[in-house]
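Novice: The following block contains the structure, expressed as structure tokens.
The values are calculated or read from the model by the stated rules, or taken from the named source; none is laboratory data. This one's a predicted model, so the numbers in the text were calculated from it and none came from an experiment. Here the Cβ is made from the backbone with ideal geometry for all residues, glycine too, and neighbour counts use every protein chain on show. Heavy atoms of the whole protein, side chains included, go into the accessibility calculation; ligands, DNA and RNA do not. Shrake-Rupley method; radii C 1.70, N 1.55, O 1.52, S 1.80 Å.
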Amino acid sequence: MKICIDGIGASKLSGTDMFSYTRELLSTINSSNKFTQVFTVWDNFPLKKYFVRLQNINYIPLNIDRTSSNYDDLVSFLKESSIDIYHSPNNGFSIPKEKYCRYICTIHSLYPVKHKKFTDESYYNKFTSIVPNSLENCDKIIAVSEFTKQELISEYNADENKIAVVNPKCSPIFINMGTDFSLSFLKKHYNISRPFIFYAGSITERKMLDKIIMLLKEINKKNNNIDLVIAGCYKGKREPYYKKIKDLIIENHLEDNVHFLGKIKFSHMPVFYTAAICTIDFSTYNDFPLSIIEAINCSSFVLCNKTPTNTTLLKKAVVYTNFDDFNLASDIIVSAENDINVKMKIISLLSKPVLTTDEDTLAIYD
């Protein structure tokens, strides 16, 4: 069986869940003997060292105009190479209109549709014009969670028989790196030397960074030696919200306690999770809590809110909090910083989430 995968997530979208998803998808396929040939459309050469090591993947440069969604060259390649299955992991954005082989798309989120007011207009228009056709044209639709599946059915009346729920795979690099090593690494490479809570993700309204700032303010009333480290892109269309958060930080006199790092190397993420007192994720809308699972695998306990996805998939693997009263959450964080035994006790009381296996991922192509 010959397959072709759109690699845009891994080649151009570092620092996003799409990058993590596509990277692990290609890694799993590379280690499998399920396929006679594997091709991936690649937009960014030369290859990074990690992808060079995936020797069973054939990286194909195609002259695709993604802005205008012109995939004529892709269709030609699929025909000429006798591809059996083509997979678009990026919300089906690269599913051709012309049907040649079996098509699969992975839908990560319907956030642009469900929360239009927080979505860039050009992206909203592209999403709403492309995704319905992709859903119709695909032989199989992969939803990253049951939550996403139900939204596909309710919003687009998608054929339930075509939808398979396959959770994203967490990379094996997410392990406890050792506290001493991690603290030393961050001091050397990022000049971070004080205890900190950690947030990883984009700087957007749905991530509720304003609430995290308010939590930090409460923490600092009890221990002003604790910082907040934020890893995530804040440029481009994210800048207005970033400015709003910066203003909030200044208003609450927390300038010395908050560190925006922008995008950081994927391989450095386990070090941050390991070194942090805890990880914070206050997303009000999430399809699959990948960053939370990454943090848990690094022995970080996570404070998050009760979204349908979190309560279904994470159950008792995290500490739930609410936005009305941060007194208890701040007490937990300060106690965990003051006494490592408190932190270890919290972690011991939490369960582990069920992880997606290679077999689960490869079942996409059954």
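Novice: What residues qualify as long-range amide H neighbours of Phe323, i.e. H under 5 Å apart, gap of 5 or more or another chain, H built at 1.01 Å from N?
Specialist: Sorted by chain and number, the residues that satisfy this come to none at all.
Novice: Right, something else. How far apart, in nanometres, would the label points at Asn137 and Lys114 be if each is projected 7 angstrom from Cα along the Cα-to-Cβ direction?
Specialist: Distance between label points: 2.6 nm.
Novice: To continue, here is another question. Which net charge results for the neighbourhood of Ile249, defined as the other residues with beta-carbon distances under 12 angstrom from its beta-carbon, given Lys and Arg at +1 and Asp and Glu at -1?
Specialist: -2
Novice: How much area per residue is accessible in the chain when the probe is 1.4 Å and only protein heavy atoms are counted (Å²)?
Specialist: 47
Novice: At a Förster radius of 35 Å, what calculated FRET efficiency corresponds to the Cβ-Cβ distance of Lys237 and Val75, to the nearest 0.05?
Specialist: Between Lys237 and Val75 the formula returns 0.70.
Novice: So, one more: Report the trypsin sites (Lys or Arg not before Pro) located in the range 12-91 that are in a DSSP loop and have at most 14 other Cβ atoms inside 10 Å of their Cβ, or state none.
Specialist: Within the range 12-91, the qualifying trypsin sites (Lys or Arg not before Pro) (loop, at most 14 other Cβ atoms within 10 Å) are Lys34, Lys48, Arg53.
Novice: Could I ask something else about it? HN-Hα J couplings of the range 294-300 from phi, Karplus 6.51/-1.76/1.60, θ = phi - 60°, integer Hz, Gly and Pro as x?
Specialist: 4, 5, 4, 5, 8, 6, 9
Novice: Out of every Cα pair in the range 275-366, what percent are spaced more than 17 Å from each other?
Specialist: Here the long-distance tail beyond 17 Å is 52 percent of all Cα pairs in the range 275-366.
Novice: Further question: When the accessible area of the chain is computed with all protein chains present and a 1.4 Å probe, what percentage of it is carbon and sulfur?
Specialist: 49
Novice: Have a look at Leu290, Leu25, Leu13 and tell me which one the Gaussian network model of the chain (Cα, springs below 10 Å) gives the largest fluctuation.
Specialist: Largest GNM mean-square fluctuation: Leu13.
Novice: Can you give me the distance in nm between label points at Val165 and Ser129, each placed 7 Å from the Cα along the Cα-to-Cβ direction?
Specialist: 3.4
Novice: What's the FRET efficiency of Lys12 with Ile346 using the Cβ-Cβ distance as r and R₀ = 41 Å, to the nearest 0.05?
Specialist: With R0 = 41 Å, the Cβ-Cβ based efficiency is 0.60.
Novice: What is the spin-label model distance, in nm, from Ile60 to Phe181 if the labels are put 7 Å beyond Cα along the C-beta direction?
Specialist: Distance between the two pseudo-spin positions: 3.9 nm.
Novice: Follow-up question, since we're still on this one. For the chain, with equal point scatterers placed on the C-alpha atoms only and solvent neglected, what are the log10 I(q)/I(0) values from the Debye formula at q = 0.06 1/Å, to two decimals?
Specialist: At q = 0.06 Å⁻¹ the computed log10 ratios are -0.23.
Novice: Then there is this: Per DSSP helix of 4 or more residues, -39500 (n - 2.57); summed, then divided by the residues of the chain. What does that give at 222 nm, rounded to the nearest 500?
Specialist: -12000 deg cm²/dmol
Novice: Okay, next question. Please list, by residue number, everything in the range 338-366 whose backbone N is under 15 Å from a paramagnetic label point 7 Å out along Cα→Cβ of Ser32.
Specialist: Counting only backbone N, you get 356-366.
Novice: Let me ask something else about it. Give the residue list of trypsin sites (Lys or Arg not before Pro) in the range 176-280 that are DSSP loop and have at most 13 other beta-carbon atoms within 10 angstrom.
Specialist: Those satisfying the criteria are Lys235, Lys265.
Novice: Now a separate question. Expressed in nm to one decimal, what extension gain is obtained for the pair Asp339 and Phe260 from 0.36 nm per residue of sequence separation less their Cα-Cα distance?
Specialist: 25.8 nm
Novice: Moving to a separate point now. So which chymotrypsin sites (Phe, Trp or Tyr not before Pro) in the range 102-182 are both in a DSSP loop and have at most 16 other Cβ atoms within 10 Å of their Cβ?
Specialist: Answer by residue number: there is no such site.
Novice: Please list, in order along the range 30-38, the HN-Hα scalar couplings obtained from phi with the Karplus expression 6.51 cos²θ - 1.76 cosθ + 1.60 (θ = phi - 60°), rounded to whole Hz, x for Gly and Pro.
Specialist: 4, 8, 9, 9, 6, 10, 7, 8, 10
Novice: Provide the per-residue ³J(HN,Hα) series for the range 240-251, in order, calculated from phi with Karplus coefficients 6.51, -1.76, 1.60 and θ = phi - 60°, each as a whole number of Hz, with x at glycine and proline positions.
Specialist: Going residue by residue, I get x, 5, 4, 5, 4, 5, 4, 4, 5, 4, 5, 4 Hz, with x marking Gly and Pro.
Novice: Further, regarding this structure: Where does the charge balance sit around Tyr103 when Lys and Arg score +1, Asp and Glu -1, over other residues with C-beta under 9 Å from its C-beta? The partial results should precede the final answer.
Specialist: Details: positive: Lys99, Arg102, Lys140; negative: Asp139.
Neighbourhood net charge equals +2.
Novice: A 23 angstrom limit on the alpha carbon distance is what I want to check against. Which of Lys169/Lys265; Lys263/Lys345; Lys114/Lys306 exceed it?
Specialist: Lys263/Lys345
Novice: Can you tell me the length gained on complete extension of the stretch Tyr100 to Glu121, counting 0.36 nm per residue apart and subtracting the Cα distance?
Specialist: In short, 4.4 nm is gained.
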